[in-house]
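Novice: If you scroll down you'll find the structure; I have some questions about it.
Values in this text are rule-based calculations from the coordinates and carry no lab data. The structure displayed is predicted, hence computed values, not measured ones. When we count neighbours, we look across all protein chains shown, and the Cβ atoms used for this are built from the backbone with ideal geometry, even at glycine.
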Amino acid sequence: MVFRCFVVCISLLLLAISAYAVEPVERLPDPAMEARARSISTELRCLVCQNESIDESHADLAHDIRVLVRERLKAGDTDAQATQAVVSRYGDFVLLRPPVKPATWLLWFGPVALLLTGLTGTLYWLRSRPAVVPPALSAVEQAELERLLKDDA
Amino acid sequence: MIVELGHFCLILALFVALIQSTVPLVGAARRHVGWMATGRTCAIAAFLLIALSMAALMHAYIVSDFSVVNVAENSHTDKPLLYKVSGVWGNHEGSMMLWVFMLSFCAAAVAVFSNNLPPALRARVLAVQGMIGVGFLLFILFTSNPFLRAVNPPANGHGLNPVLQDPGLAFHPPFLYLGYVGFSVAFAFAVAALIEGKVDAAWARWVRPWTLASWCALTIGIAMGSWWAYYTLGWGGWWFWDPVENASFMPWLVGTALIHSSIVVEKRDTLKTWTILLAIVTFSLSLVGTFLVRSGVLTSVHAFATDPARGTFILLLLLVAIGGSLALFAVRAPKLQGGGLFAPVSREGALVLNNLLLSCGCATVFLGTLYPLFLDAMDGPKLSVGFPFFNRTFVPLMAPMILAVGIGPMLAWKRGDLLGALQRLWVAYIVAALVTLAIFYVTYGGPVLAVLGIGIAVWLAAAVVTEWVERVGLFRISLADSFRRAIKLPRAAYGMSAAHFGLAVFVAGVSASAFSQEGIEVLKAGGSMKLASYEILLERVEKIPGPNFTADRATIRISSGGVAVATVYPERRFFPLQKQTTGETAIRTNLLADLYLALGEADAEGNWTVRAYWKPLVPWIWIGAAIMAFGGLVSLSDRRWRVGAAARARRSAVAAPAE
């Protein structure tokens, strides 16, 4: 249901969508540097879309950021510096992989914590479980059970 | 007039649902047979009324009755009939109608196919379904009424968003909703069991087919949506970890856990509380999913404020449904007693691990989807959570699960022999190692993780086959005996094998997508480009008219080593009504790899941007999903679910006189 992004982009830009994702004109002549630009692009969010990276997005803004990234790389930035250049302009919001900091600890470590709690809890439960004798079935239930079991045969 | 009748039927359905949600419940408490029986009558009556109401709305769409606001806003006379019909659920009000229609359908199905249920349980299940129905009918009638008339009807409608005018997307919502709503049956059974204070093997046996059926529908629905994204968006992406997708993926994950844990309840009479909780959580996530998508909170928390009536109603409904069922769970669950004991290493243990990993996977998706919203609501920093986050958190959780899928079925119930199981899988290691090394050699220098992913997939496929070989005793006993055993294996066993095999195929497809190649070039008519081993020639681009659009259609000839492979026709379609352009990609597949072509924009000199992708094994993603759903259906056809079917067959065999 990615159409939401589509819809948002379209409604924001009306006729302005002119192209799909990375355009031939944007590409850098150096294939290695272009590959770096592409991998950076997949981690940056198209701000006017929903959850699409600028590498995937059709929006004009995504195009601008793609060009910005490539310009930074051409100027000799490392990958981290190029990403930082975009972040300093648009904030952490632009990162599809949120930075690990106190405000995101729950996000990053929540699932692992849950898994560990679940594992220890389960093991504890298995060990500490008393042998329970299931309550006896009533006569009616016993007859019903026999009928059901017979159906299976 | 028909529209008013539809509206009237919907109101009537609300009253029927009110009776359905109360009278049988009281009847069950007082053991009043007549009161309990109203549940059945009401469920069927509500279904018929809602079906009529749905038909009335559909009729308004088909005849383009623009005096109905909903039709005017979402339809147009020029639209092909298929999209007039699918336009019914292409908007908020209509999709809620579809939801409630499916809900009443499920309730009616329970009413009709529940001859074997104890009457009190049946009455309670139907009452709970009635309550859900009341909530949704109130929501539709008070905040999202599709039957409202316009004072000044427009001459023509606004039309449906062109991106939604696609056969894949026409059927995607019904399947998805059938899955969501199907889980309401498991939910109703869980709540009824809590009221009754009893969960036993028979209960699990009644719940399993419903869960399986909804799971199949949800699998198909999600796969359709992702396939649509793949062929529509023009660069071959198929899953984006978009909140809307996640909303459907969460119930799928927990639903998958539910299918597995209900097996333990049925076979071993334990994990009862956990299974009840899963049933509640699965449907709760379906509810949350529906509302996340429909309320617009995902775009921003503030979207909630634009329509406070709807937002408040949604919150209230979620609170009552989820809070109520969880409160009931908290009170009654401790009374449910577990029976069978088992060691940590056992089939039960493996299924618990499966449940744990799937639930944590779901928690990851849940956090990733709602955390930005949560921070936003707390006036915290604005965050984005996208595919790089899920790749680093969700995927590492699923990798051990896929390994466990191969081992689990090899373990015995109660107490298993892990070492023994691992040894019995020796063929799987050898096959997986050989394939991994071969791929690693061929793609040397490429993505290593993707090679490992394929290796795991091969291992799982080999483990599934090994398990079957063991079960039928192939190579151990005579071929004829093995054959006899293979025929006698229950369908549920084949269903499991198929679903697990489908998972392997799916994982292989996902992993291999890392090896795709792309070529993006600006071509003149007659120009060509190279991609993988293919030569791609743009022959010409011409304008062609469509029913409600005009298209630029490219003719592209694909050849390999001078031999013609195919001619494909990707398009760009312009919808004048909405002033939107959409792409129609062309995909040439040989089931091992897709050649994916999309036509881009023309520049001032009339050169066209052509995007070509070579995507190995990508079709396996959907083939795998289809095999999984097929496995579910095979399991569903197991006659053990049709309690009493065998007895009926025997009775009729005896009744037939031996003349």
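Novice: With the Cα gyration tensor of the range B:298-448 giving a ≥ b ≥ c as the square roots of its eigenvalues, does the rule (a/c under 1.5 for rounded; else a/b larger than b/c for prolate; else oblate) give rounded, prolate or oblate?
Specialist: Oblate, since a/c reaches 1.5 and b/c is not below a/b.
Novice: Okay, next question. Holding the Cα-Cα limit at 28 Å, pick out from B:LYS198/B:LYS488; B:LYS198/B:LYS267; B:LYS79/B:LYS543; B:LYS382/B:LYS579; B:LYS335/B:LYS414; B:LYS272/B:LYS414 the pairs that are longer than that.
Specialist: Exceeds cut-off: B:LYS198/B:LYS488; B:LYS382/B:LYS579.
Novice: First check a/c for the range B:155-211, with a ≥ b ≥ c the square roots of the eigenvalues of its C-alpha gyration tensor; if it is under 1.5, answer rounded, and if not, answer prolate when a/b is larger than b/c or oblate otherwise.
Specialist: Prolate, because a/c is 1.5 or more and a/b exceeds b/c.
Novice: What number results when the radius of gyration of the protein assembly as shown, computed over Cα atoms, is divided by 2.2 N^0.38 Å?
Specialist: Scaled against compact globular proteins, the figure is 1.00.
Novice: Return the Rg/Rh value of the range B:438-585, two decimal places, where both radii are evaluated on C-alpha atoms and Rh is the Kirkwood radius.
Specialist: Looking at the range B:438-585, the ratio lands at 1.20.
Novice: For n ≥ 4 DSSP H runs only, could you compute -39500 (n - 2.57) per run for chain B, divide by its residues and tell me the 222 nm figure to the nearest 500?
Specialist: For chain B, the value works out to -21500 deg cm²/dmol.
Novice: Still on this structure, please answer the following. Hey, what did chain B get for relative contact order, percent, Cα under 8 Å, at least 6 apart?
Specialist: 11
Novice: With the cut-off at 21 Å, report for the range A:54-153 the share of all Cα pairs above it, as a whole percent.
Specialist: Distances greater than 21 Å cover 67 percent of the Cα pairs.
Novice: Give the long-range amide H neighbours of A:LEU95: residues separated by 5 or more places, or on another chain, with amide H under 5 Å away, using H modelled in the peptide plane at 1.01 Å from N.
Specialist: Amide H to amide H, under 5 Å and 5 or more residues apart or across chains, A:LEU95 pairs with A:ARG45, B:SER384.
Novice: Let me ask another. When a/c is below 1.5 the answer is rounded, else prolate if a/b is larger than b/c, else oblate, so apply that to chain B with a ≥ b ≥ c taken from the square roots of the Cα gyration tensor eigenvalues.
Specialist: oblate
Novice: Among A:ASN51, B:ILE544, B:PHE389, which residue has its Cα furthest toward the positive end of the charge dipole of the protein assembly as shown, with +1 on Lys/Arg Cβ and -1 on Asp/Glu Cβ?
Specialist: Of the listed residues, the answer is B:PHE389.
Novice: Okay, next question. Once every Cα of the range B:517-617 carries one equal point scatterer and solvent is ignored, give the base-10 log of I(q)/I(0) from the Debye formula at q = 0.16, 0.19, 0.22 Å⁻¹, two decimals.
Specialist: Ignoring solvent entirely, the Cα scatterers give -0.66, -0.89, -1.12.
Novice: Taking the simple approach of a point 7 Å from Cα along Cα-to-Cβ for both B:LYS382 and A:ALA35, what is their distance in nm?
Specialist: Taking the two extended label points, one gets 3.5 nm.
Novice: Normalising by the residue count of the range B:1-162, find the relative contact order in percent from Cα pairs under 8 Å and 6+ residues apart.
Specialist: About 37 percent, as a whole number.
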